[in-house]
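One structure is given below, encoded as structure tokens.
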Amino acid sequence: MSHTLTATMSVSQTPDEVFAALTDVRGWWNENIIGDTAAPYDEFVFTDDSEYAGETVKAKTGIQYCRFQITEVDPGRRMVWRVVDSYLTFIEDRHEWTDTVVIFDLTATGEGTTLHFTHEGLTTESQCFEACSRGWEFYITKSLPQLITTGTGDPITKYKS
């Protein structure tokens, strides 16, 4: 039986506070993000080897390039990214993420907010499932909550050559 890549975290902040942090993708996932990350139809690129603000970026994530389009924004409730194009260097199927969908669902609880993350299209049969699960698990359950609760996440940092 195939399982989709998921992760869940909860914090004591409101759904609006969690959503605001979620849209700050540079603050919790990768400082090297190029483009806008908050509104419908925004497109952004995750890269570990590019020119960014005049600086050479080399992050060594194994994701050489991944372009996302935000397809759904419901502040305080849901955000959806579609992977438009990708090039992964650590697996045979370099474009495995292309046409997958990244979903963030937020639910208000008595204690704050629970965020449920799903990377639809990545399943236990996917070549990157194990490595991608470890990565997403860290960024969703460690870095994002850290950004929400302290104001500073643990994203991939810019490397200046």
Report, ordered by the first and then the second residue, all pairs with beta carbons closer than 6 Å, sequence separation of six or more or different chains, a first member in the stretch 129-150 that is of a type in the set (Gly, Ala, Ser), and a second member that is in a helix (DSSP H, G or I). Ser143/Trp28
Hey, can you tell me all the residues within the stretch 20-42 that are buried (at least 16 other Cβ atoms within 10 Å of the Cβ) and among the hydroxyl-bearing types (Ser, Thr, Tyr)? Thr23, Thr37
If we keep only residues of the stretch 150-160 that are more than 12 Å from the chain's Cα centre (by Cα) and surrounded by 15 or more Cβ atoms within 10 Å (Cβ to Cβ), then the residue modelled with the lowest pLDDT is Tyr159
Note: among Thr107, Thr113, Thr71, just one is without any contact (Cβ under 8 Å) to a residue 40 or more places away in the chain, outside any helix (DSSP H, G or I) and either closer than 22 Å to Thr157 by Cα or more than 13 Å from the chain's Cα centre (by Cα) (or both), namely Thr71
Given the condition among the hydroxyl-bearing types (Ser, Thr, Tyr), open to solvent by 60 Å² or more (accessible area, probe 1.4 Å) and closer than 20 Å to Asp36 by Cα, answer yes or no: does some residue in the stretch 96-113 qualify? no
Return the residue satisfying two criteria in turn: it lies in the stretch 80-94 and is aromatic (Phe, Trp, Tyr) and more than 15 Å from the chain's Cα centre (by Cα), and of such residues it is surrounded by the most Cβ atoms within 10 Å (Cβ to Cβ). Tyr87
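The values are calculated or read from the model by the stated rules, or taken from the named source; none is laboratory data. For clarity, every value in this text was computed on a predicted model and none was experimentally measured. Heads up, the Cβs are rebuilt from the backbone with ideal geometry, glycines too, and the neighbour counts pull from every protein chain shown. We work out accessible area using only protein heavy atoms, side chains counted, and drop any ligands, DNA or RNA first. Shrake-Rupley method; radii C 1.70, N 1.55, O 1.52, S 1.80 Å.
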